[in-house]
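The values are calculated or read from the model by the stated rules, or taken from the named source; none is laboratory data. In this text the structure is predicted, and so the values were computed from the model without any measurement. Backbone-built Cβ (ideal geometry, glycine too); neighbour counts: all protein chains shown.
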Ligand code: BDP
């Protein structure tokens with residue numbers, strides 16, 4: 001099986017000289033040996049600032065340096081005439097500068113100076129990979145690209161070539177942290193911090209070559225599972241000692257360990273609540289153990305009671321993360337980062353931005369996104385998420401011209417969509433999501449459509465018109481997906497368990513707290529303060545008021561916040577019910593158009609790619625039809641109100 005080189009496949013550079021030493025300079029040298037040269041008069045030099053005077057453009061570089069410096073990851077690129085210089089303070093900046101030039105070389109004019117620094121310091125991917133395949137979830141929980149690239153047969157893979165290729169891909173888009181195992185840490189993975197340590201250190205060494213720190217997801221009950229302690233109580237001195245010793249052993253073999261990721265007291269995972277302790281007690285226990293080595297704890301806020309349905313107003317699942325963590329704000333150690341899912345529920349195709357992202361004041365936090373398309377088509381359906389992520393990052397958390405999510409977040413994390421499929425992501429076009437994630441993490445103001453152009457240009461050797469057509473097919477695919485799935489932000493009409501395809505009532509009577517409350521008169525979840533769960537009250541004014549009123553609530557979130565009658569009239573003059581019918585017909589039609597447009601350019605792609613994309617588009621069309629028909633039929637039967645356009649609703 002040949003591995004698809006992904007977006008590092010088509011770029012070329014002229015000759016390059018390096019004026020720098022150190023491990024990452026070595027990596028760049030190795031990179032250069034793999035990159036094919038183009039014939040060009042331009043002379044490219046890469047240097048650390050200490051040696052900038054060895055290059056012809058040192059004056060240009062020095063003039064461009066910002067007062068606050070470049071930091072460990074920033075770089076300057078300057079070009080004049082036939083000279084091009086990349087300068088950075090440190091190895092990582094140099095590596096990112098190298099990839100920058102690789103990406104944009106063709107577009108750099110002869111007078112060019114740019115200074116780049118990442119907007120967000122920690123840019124991480126979380127793998128939900130299992131060391132031992134889970135009976136229900138398989139090798140990668142919510143993975144749609146084959147098996148794990150790290151683990152096979154209960155061990156770290158012997159040949160790390162693929163992992164090195166992955167590290168290279170990630171560095172090329174600025175990712176600097178990777179958690180290698182599932183947040184649901186089962187028995188086998190609990191031992192990553194003990195018997196598998198030599199293997200963990202092999203993985204860490206590969207990531208280190210590309211400036212990426214390795215993180216491990218750990219089991220809060222590890223002291224009980226790995227020793228004869230009968231408690232994991234975070235305040236018990238024996239437990240405290242156990243974790244210090246455990247971290248010290250990990251540190252011996254991975255001296256630059258990034259830290260731990262923890263899912264505790266969530267979906268049956270153990271945590272501090274068992275001992276009547278708080279999340280702060282739990283997180284601080286691990287933070288203190290990691291502090292001497294500069295490590296960080298990513299403590300997840302995806303905490304809710306998965307055994308309890310909506311019993312009363314206060315048990316709305318959307319409220320849970322805020323209700324758990326706001327009272328603890330300020331009680332975490334400095335090396336704790338609270339990891340907050342972008343929406344209050346769970347990675348649906350549309351949700352409001354979580355109020356925690358605006359309201360945590362005294363605690364560092366990370367925005368968590370999902371690149372793996374669990375609820376957004378599972379890499380069978382095309383769903384380019386760049387536009388949405390950008391919307392989330394640019395969301396004004398005050399509602400009044402204040403700080404955006406990107407301004408406030410100290411780190412950004414996303415669940416990876418990569419597996420051991422030859423093309424990395426199952427659906428070849430799903431690579432674009434990984435690409436956009438990395439680039440937006442570096443620059444949250446980047447334009448998602450430009451990112452698609454970049455990715456396509458770096459991935460396929462093709463003419464500009466074909467590229468533009470491909471980009472046009474992909475650009476709006478998230479909104480298309482949104483149109484044919486759960487309507488107006490109501491979410492969770494997916495098949496239980498698998499989360500692919502429709503099942504309108506699949507979760508309606510379950511304990512997971514994910515309801516749409518449709519009846520013969522109306523649909524939607526009342527989360528208002530006045531009559532519902534009070535979730536809107538977790539936002540500051542004027543956001544709270546905006547969501548509270550059915551008239552000012554953004555319509556794409558109407559059913560997330562409100563229960564409305566079917567004949568409620570929207571701003572476009574249509575009723576809610578008619579809007580549901582219309583968007584579902586439209587969504588399906590758009591997939592049909594995507595497929596037709598794809599067919600017109602498909603033969604310009606090599607056979608494996610062509611087949612991969614064509615098969616998936618056919619599957620997407622069938623899926624969109626299922627969604628359209630099930631959702632429309634359901635609402636037609638409940639309401640008895642026909643489609644005003646008299647299109648066919650199967651019933
Ligand atoms: C949900 C997934 C589940 C994950 C959980 C999480 O269905 O597999 O374990 O998120 O984020 O979306 O912990």
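Looking only at region 325-355, count how many residues are more than 19 Å from the chain's Cα centre (by Cα) and within 16 Å of the ligand (Cβ to nearest atom).
Going through region 325-355 one residue at a time, the tally reaches 1.
This table checks each residue for (1) touching a residue at least 40 places away in the same chain (Cβ under 8 Å); (2) surrounded by 15 or more Cβ atoms within 10 Å (Cβ to Cβ).
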residue	(1), (2)
522	yes, yes
526	no, yes
561	yes, yes
599	no, no
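Among the candidates 580, 613, 649, single out the residue that is in contact (Cβ under 8 Å) with a residue 40 or more places away in the chain, in a loop (DSSP other than H, G, I, E, B) and surrounded by 18 or more Cβ atoms within 10 Å (Cβ to Cβ).
649
Looking at residue 374, is it within 15 Å of the ligand (Cβ to nearest atom), under 30 Å from residue 156 (Cβ atoms) and surrounded by fewer than 24 Cβ atoms within 10 Å (Cβ to Cβ)?
Spelling it out, residue 374 is indeed within 15 Å of the ligand (Cβ to nearest atom), under 30 Å from residue 156 (Cβ atoms) and surrounded by fewer than 24 Cβ atoms within 10 Å (Cβ to Cβ).
For region 204-290, give me every one of the helices (runs of 4 or more DSSP H) that falls completely inside it and has 3 or more residues that are free of Cβ contacts under 8 Å to residues at least 24 places away in the same chain, farther than 30 Å from residue 323 by Cβ and out of contact with any helix residue (DSSP H, G or I) (no Cβ under 7 Å at 6 or more places or on another chain).
The qualifying helices (runs of 4 or more DSSP H) are 237-253.
Got a sec? Which of 497, 491 is in a loop (DSSP other than H, G, I, E, B) and surrounded by fewer than 23 Cβ atoms within 10 Å (Cβ to Cβ)?
Of 497, 491, the one residue that is in a loop (DSSP other than H, G, I, E, B) and surrounded by fewer than 23 Cβ atoms within 10 Å (Cβ to Cβ) is 497.
Could you grab me the full set of residues in region 291-324 that are buried (at least 23 other Cβ atoms within 10 Å of the Cβ), more than 21 Å from residue 561 (Cβ to Cβ) and in contact (Cβ under 8 Å) with a residue 60 or more places away in the chain?
Once the filter is applied, which keeps residues that are buried (at least 23 other Cβ atoms within 10 Å of the Cβ), more than 21 Å from residue 561 (Cβ to Cβ) and in contact (Cβ under 8 Å) with a residue 60 or more places away in the chain, region 291-324 yields 296, 298, 300.
Checking the structure you have, find out if any residue of region 369-390 is touching a residue at least 40 places away in the same chain (Cβ under 8 Å), within 23 Å of residue 541 (Cβ to Cβ), in contact with a strand residue (DSSP E or B) (Cβ under 7 Å, 6 or more places away or on another chain) and not in a strand (DSSP E or B).
Within region 369-390, none of the residues are touching a residue at least 40 places away in the same chain (Cβ under 8 Å), within 23 Å of residue 541 (Cβ to Cβ), in contact with a strand residue (DSSP E or B) (Cβ under 7 Å, 6 or more places away or on another chain) and not in a strand (DSSP E or B).
Specify which of the listed residues (78, 167) is modelled with pLDDT of 95 or more and farther than 23 Å from residue 438 by Cβ.
78
Residues of region 534-552 being crowded, with 22+ Cβ neighbours inside 10 Å and assigned to a loop (DSSP other than H, G, I, E, B), which ones?
Answer for region 534-552, where residues must be crowded, with 22+ Cβ neighbours inside 10 Å and assigned to a loop (DSSP other than H, G, I, E, B): just 539.
Of the numbered conditions (1) touching a residue at least 12 places away in the same chain (Cβ under 8 Å); (2) on the phi > 0 side of the Ramachandran plot, residue 565 fails exactly one; give the number of that condition.
It fails just one condition, (2).
Mind checking which residues of region 616-631 are more than 16 Å from residue 583 (Cβ to Cβ) and buried (at least 20 other Cβ atoms within 10 Å of the Cβ)?
616, 617, 620
Residue-wise test of (1) within 22 Å of residue 466 (Cβ to Cβ); (2) in contact with a strand residue (DSSP E or B) (Cβ under 7 Å, 6 or more places away or on another chain).
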| site | (1), (2) |
| --- | --- |
| 572 | no, no |
| 588 | no, no |
| 595 | yes, no |
| 620 | yes, no |
| 630 | no, yes |
| 645 | no, no |
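Can you tell me which residue in region 391-423 is nearest to the ligand (Cβ to nearest atom), limited to those that are crowded, with 19+ Cβ neighbours inside 10 Å and more than 28 Å from residue 259 (Cβ to Cβ)?
So the residue we want is 421.
What residue, of 426, 358, 386, is on the phi > 0 side of the Ramachandran plot, at pLDDT 95 or above and away from the ligand (no atom under 16 Å from the Cβ)?
426
Residue 39 versus (1) over 21 Å from residue 209 (Cα atoms); (2) crowded, with 19+ Cβ neighbours inside 10 Å; (3) at pLDDT below 95: which is the lone unmet condition?
(2)
Please specify each residue of region 307-320 satisfying the condition of being farther than 19 Å from residue 339 by Cα and within 16 Å of the ligand (Cβ to nearest atom).
307 - this is the single residue of region 307-320 that is farther than 19 Å from residue 339 by Cα and within 16 Å of the ligand (Cβ to nearest atom).
So which of 258, 294 is at positive phi and away from the ligand (no atom under 16 Å from the Cβ)?
So the residue among 258, 294 that is at positive phi and away from the ligand (no atom under 16 Å from the Cβ) is 294.
Surrounded by fewer than 24 Cβ atoms within 10 Å (Cβ to Cβ) and either in contact with a helix residue (DSSP H, G or I) (Cβ under 7 Å, 6 or more places away or on another chain) or within 20 Å of residue 379 (Cβ to Cβ) (or both): is that true of residue 160 in this structure?
yes
Of all residues being crowded, with 19+ Cβ neighbours inside 10 Å and not in a loop (DSSP other than H, G, I, E, B) in region 180-190, which is nearest to the chain's Cα centre (by Cα)? Just the residue, please.
Per the criteria, the residue is 189.
If you go through region 119-161, how many residues are touching a residue at least 60 places away in the same chain (Cβ under 8 Å), on the phi < 0 side of the Ramachandran plot, outside any strand (DSSP E or B) and away from the ligand (no atom under 14 Å from the Cβ)?
7
What's the number of the condition residue 432 fails, among (1) within 16 Å of the ligand (Cβ to nearest atom); (2) in contact (Cβ under 8 Å) with a residue 12 or more places away in the chain?
Status for residue 432: all satisfied but (1).
Could you tell me whether residue 22 is buried (at least 16 other Cβ atoms within 10 Å of the Cβ) and closer than 30 Å to residue 163 by Cβ?
no
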